[in-house]
């Protein structure tokens, strides 16, 4: 990609009277000027032999970017080894479905600390990620929104350095909530992007996958997503920083006002 693409998480809502499928959702989003959709594999992988061809037709016709969010039921640091194996199977199933659509990035939260130390958790998750097959899909590790969850920016970067087929999903809103409202100015975003470039190389900045939304948070971190205009998340400063670093890739909007806020981001970027 030679620029930033903009899209939404899940199916569009439209005017509220139309029920979209993946195929018609892609057509609709493209018609209003968006470039991408993140398929919600969060509870099940709902790409089948019946709908796959139609999705592919719309994807190709609209030159559309597809990613997917993996299962919510993933914990590569589960106490039970069978649950770790089941988590790996869920990741692989999602990746294979995305590959069947020539999709690019499978996003997921890798695990939880539970009773383990941060170091023990890191080592267990790393060892499990090393078991994932290389199938021409990027496994994207998403930054998490609570300090009690594994998945800080630093932890995920270290995993990407240790596991060659893993890349980042930077959820700036989660970082903002995890650090109790730490992102206030463009300098704060510059600091993050500079850190990513230093640790993973400049090429990582030209192949980003990003989540953004307004966010409600407290001392323990993330509570829920909000529209940008109802949150203190400085989305304009984030876009300015991405432009400064000549970032490329895809931004997925997770705001409750998916279409409106995704178009808002693209408008700021384009202007």
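The values are calculated or read from the model by the stated rules, or taken from the named source; none is laboratory data. Predicted model only: the values in this text are computed from it and were never measured. Here the Cβ is made from the backbone with ideal geometry for all residues, glycine too, and neighbour counts use every protein chain on show.
Tabulated results
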quantity: Verdict on residue 81 being in contact with a helix residue (DSSP H, G or I) (Cβ under 7 Å, 6 or more places away or on another chain), over 20 Å from residue 36 (Cβ atoms), free of Cβ contacts under 8 Å to residues at least 60 places away in the same chain and surrounded by fewer than 23 Cβ atoms within 10 Å (Cβ to Cβ); calculated: no
quantity: Enumeration of residues in the stretch 28-39 that are in contact (Cβ under 8 Å) with a residue 24 or more places away in the chain and surrounded by fewer than 18 Cβ atoms within 10 Å (Cβ to Cβ); calculated: 32, 33
quantity: Pick from the stretch 40-56, criterion surrounded by fewer than 20 Cβ atoms within 10 Å (Cβ to Cβ) and under 25 Å from residue 248 (Cα atoms), ranking: nearest to the chain's Cα centre (by Cα); calculated: 40
quantity: Residues (farther than 16 Å from residue 186 by Cβ, without any contact (Cβ under 8 Å) to a residue 40 or more places away in the chain and out of contact with any strand residue (DSSP E or B) (no Cβ under 9 Å at 6 or more places or on another chain)) located in the stretch 215-256; calculated: 218, 219
quantity: Lone qualifier among 64, 112 - being in contact with a helix residue (DSSP H, G or I) (Cβ under 7 Å, 6 or more places away or on another chain) and surrounded by 14 or more Cβ atoms within 10 Å (Cβ to Cβ); calculated: 64
quantity: Residues (surrounded by 16 or more Cβ atoms within 10 Å (Cβ to Cβ) and assigned to a helix (DSSP H, G or I)) located in the stretch 242-259; calculated: 242, 258, 259
quantity: Qualifying residues in the stretch 1-25 (those that are free of Cβ contacts under 8 Å to residues at least 40 places away in the same chain and buried (at least 19 other Cβ atoms within 10 Å of the Cβ)) - the one farthest from residue 60 (Cα to Cα); calculated: 11
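Residue-by-condition table, conditions (1) at pLDDT 95 or above; (2) within 18 Å of the chain's Cα centre (by Cα); (3) more than 20 Å from residue 108 (Cβ to Cβ):
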{"residue": "207", "(1), (2), (3)": "yes, yes, no"}
{"residue": "212", "(1), (2), (3)": "yes, yes, no"}
{"residue": "215", "(1), (2), (3)": "yes, yes, no"}
{"residue": "219", "(1), (2), (3)": "no, no, yes"}
{"residue": "233", "(1), (2), (3)": "yes, yes, yes"}
{"residue": "236", "(1), (2), (3)": "yes, no, yes"}
{"residue": "243", "(1), (2), (3)": "yes, no, yes"}
{"residue": "248", "(1), (2), (3)": "yes, yes, yes"}
{"residue": "251", "(1), (2), (3)": "yes, yes, no"}
